[in-house]
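What follows is calculated from the coordinates using simple rules that are stated; it is not laboratory data. In this text the structure is predicted, and so the values were computed from the model without any measurement. As a convention, Cβ positions derive from the backbone with ideal geometry for all residues, glycine included, and neighbour counts pool all protein chains shown.
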Amino acid sequence: MTSKSRYFLLTSAVVLAVGLGGGLMAYLAYQRTSGIPAGVPEEITYVPANAAVVVYANVRALMSSDLRRELMPAIEHGSRKGRQMMNDFAGIDLEKQVDHVVAYMEPSNAADAAADKATPSLETLHNVLTPQALMLVQGTFDQARIEQFIRDKGGVIDTHNGHHISVHQDTEHAIGFLRPDLLVVGRARLVRRALDAPGQAQDLTTNDEVMRLVRDASGSTVWVVGHFDAVSRGLKLPGSVSGQVPPVRLVSARATINGGVTATIRAEASDATAAEQLREVVRGFVALARLQGGKQPQFDAALKSIALSGTGKTVQLSFAISPETLRALAPPHHSLPPSPPPSTPQ
Amino acid sequence: MKRPSFATAAFRVFDISVGQMLWSRRTVFMALTVGAPVAIAIVLRTIHEMGMPVLRVNGAPVSGEVIFGGLFWLLYLRFVVPVLGAFYGTSLMSDEVEDRTLTYLFTRPVPRGAVIIGKYLAYLVCTELVVLPSVTAAYFLITPLGGGSIGAAFPVLLTDLGILAIGLVAYGAVFALIGALVPRPLVAGLLLVFGWEQIALLVPGYLRRFTVAHYLQSLAPQAMPQNDTMAAIQSLFAEPPSAASSLISLAGITLVALWLAARTVERRDYVLDQ
């Protein structure tokens with residue numbers, strides 16, 4: 001072998017080794033990232049480690065997205081209803097005052113354990129049957145105005161651990177003021193726990209498995225991470241469908257929204273075999289969808305963008321939806337009856 | 001003079017052949033083939049650095065991981081690996097025949113089979129050390145686009161590199177056999193890659209099991225990009241084998257093809273044009 005050939009091969013080998021070494025270092029750094037990684041909302045420290053589902057929405061990005069402006073006529077009714085609920089409950093203007101929202105749902109057995117174990121009291125049954133959810137709303141709020149709004153509606157402002165809290169006596173829902181820019185809304189038990197202190201119990205950052213998915217999803221406009229059984233219950237998947245899905249432990253979905261939507265759904269199966277089975281199931285559905293969708297040109301681009309990937313126990317499905325496709329999917333715009341004007345503090 | 005062992009003879013042929021392969025006219029083709037994906041990656045990265053959206057599907061940005069997956073499938077797995085295998089694998093013996101230099105090798109006191117094995121090893125070193133750095137460079141340039149993480153996707157890169165390395169091993173062995181058997185091996189090789197393999201993968205049934213692509217593509221962590229109806233049909237009828245059975249099949253194909261190639265070279269009388 002000539003020295004020219006030897007140097008060429010050596011250079012190629014060094015380039016490859018440097019690339020692999022750099023990639024390995026990036027991988028190890030990614031694995032060892034602790035605390036709150038960049039891009040992950042700090043409110044995650046209020047989420048318990050055993051949360052069944054965690055949801056994040058960058059409300060400001062959503063509200064200012066081209067997509068929302070384009071789809072406004074079609075989604076106006078549902079959007080108005082949600083905004084009205086927030087306004088009625090706490091006088092918060094979702095569109096103007098909220099930056100982002102982090103919400104979580106506890107598994108029902110955790111709520112059960114937290115309640116009285118001796119005899120199934122009414123409270124225990126209520127806790128088990130009612131979704132145990134909490135929403136952390138970060139934004140720019142006028143606390144005095146919101147408290148006045150609650151008093152005007154007949155509510156009472158109490159103090160819990162130095163924070164103001166208002167509990168709705170009938171529904172057991174509450175709103176608490178963690179910081180001037182951070183509200184907690186949800187079940188009174190969970191609101192009180194959040195007001196006690198962040199990180200008092202084991203928070204989500206100690207759950208490496210879920211945090212890996214959260215880190216992956218961070219930076220997206222909307223994401224949801226959770227245990228598959230909780231997510232499938234939330235989606236109300238029929239038993240016949242969820243029974244056909246190979247064993248999946250964790251699932252995450254993330255979407256970046258602006259002109260269109262780029263979404264990624266990731267599932268962590270119980271083992272590599274289950275993951276391969278799931279890939280085959282998804283592959284089959286995707287192929288069928290493509291054959292069916294070919295008849296409808298508005299879905300053609302979205303179907304072509306579908307990419308199935310993942311290694312080991314991970315299965316990942318990515319796709320992109322254009323504004324045109326979303327318009328085709330959105331419900332038709334019907335003329336709505338005029339809604340009552342939003343309540344305002346007196 | 002003591003006759004060298006098969007391994008020693010193969011290594012000597014390998015040592016001579018590496019330089020011949022690297023600095024032949026085919027190197028230009030190889031440089032273009034593996035340079036094109038890197039050039040595409042540089043262009044995409046430049047567009048990204050200039051603040052422009054890299055790739056959009058009707059308005060929605062596509063992530064770097066997805067772009068890299070498409071590049072891996074469409075350029076490397078479906079084109080670069082089989083085509084480099086065909087160009088270099090089929091030339092292992094035919095170049096010596098065409099250049100009338102085969103006599104110099106066959107008159108040496110080395111087993112004839114060691115000639116093709118040594119040349120095959122030289123092919124592997126040359127192609128692997130050119131293709132794999134190219135994939136790595138494309139990965140580092142493309143993956144960070146659209147919020148992708150180099151660290152998170154690193155296991156996928158390792159799998160991709162492994163698949164391409166195995167692909168070059170298997171295709172090289174098959175084309176080495178074709179080169180040892182057929183008078184015009186390059187035409188036969190290209191027909192195999194772009195004719196037989198493409199048709200067999202589309203036909204439902206057992207035919208696909210007689211292709212390298214069937215086993216190789218089933219190892220890919222990324223899903224096959226399906227940008228036309230044919231690809232959708234292929235995916236619909238596909239019954240991908242498990243990773244273990246694919247690896248065993250590819251190892252079997254490689255060993256059988258190499259053994260047959262060495263046996264053919266040992267027994268065949270090559271007639272050199274005067």
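Quick notes on this structure:
- For residues of B:132-140, the mean tally of beta carbons on other chains within 10 Å: 4
- Note on A:258-269: average number of Cβ atoms from other chains within 10 Å of each residue's Cβ is 3.
- Centre-to-centre, using Cα atoms only, the range A:286-328 and the range B:78-131 are separated by 43 Å.
- Peptide A:182-191 shows a mean partner chain C-beta count of 0 within 10 Å per residue C-beta.
- Distance-filtered residues of the range B:251-271 - backbone nitrogen under 18 Å, label point 7 angstrom along residue B:6 Cα→Cβ: B:252-268
- Relative packing of peptides B:118-129, B:27-38 - highest average C-beta neighbours within 10 Å first: B:118-129, B:27-38
- Quotient of C-alpha Rg and 2.2 N^0.38 Å, computed over chain B: 1.10
- In chain B, helices alone account for a calculated mean residue ellipticity at 222 nm of -22500 deg cm²/dmol, with every DSSP H run of four or more residues adding -39,500 (n - 2.57).
- What the Cβ-Cβ distance of residue A:179 and residue A:159 gives, at R0 = 25 Å and to the nearest 0.05, is a FRET efficiency of 0.95.
- When only Cα pairs below 8 angstrom with a gap of at least 6 residues are kept, chain B shows a relative contact order of 27 percent.
- Theoretical FRET efficiency, 1/(1+(r/R0)^6), r = Cβ-Cβ of residue B:31 and residue A:66, R0 45 Å, to 0.05: 0.55
- Residues with amide H under 5 Å from that of residue A:321, placed H, sequence gap 5 or more: A:261, A:262, A:263
- Cβ-derived FRET efficiency at R0 35 Å, residue A:281 paired with residue B:47, nearest 0.05: 0.45
- Straight-line cross-link partners of residue A:4 among the aspartates and glutamates, defined as a Cα under 20 Å from its Cα and at least 8 positions apart when in the same chain: B:15, B:128.
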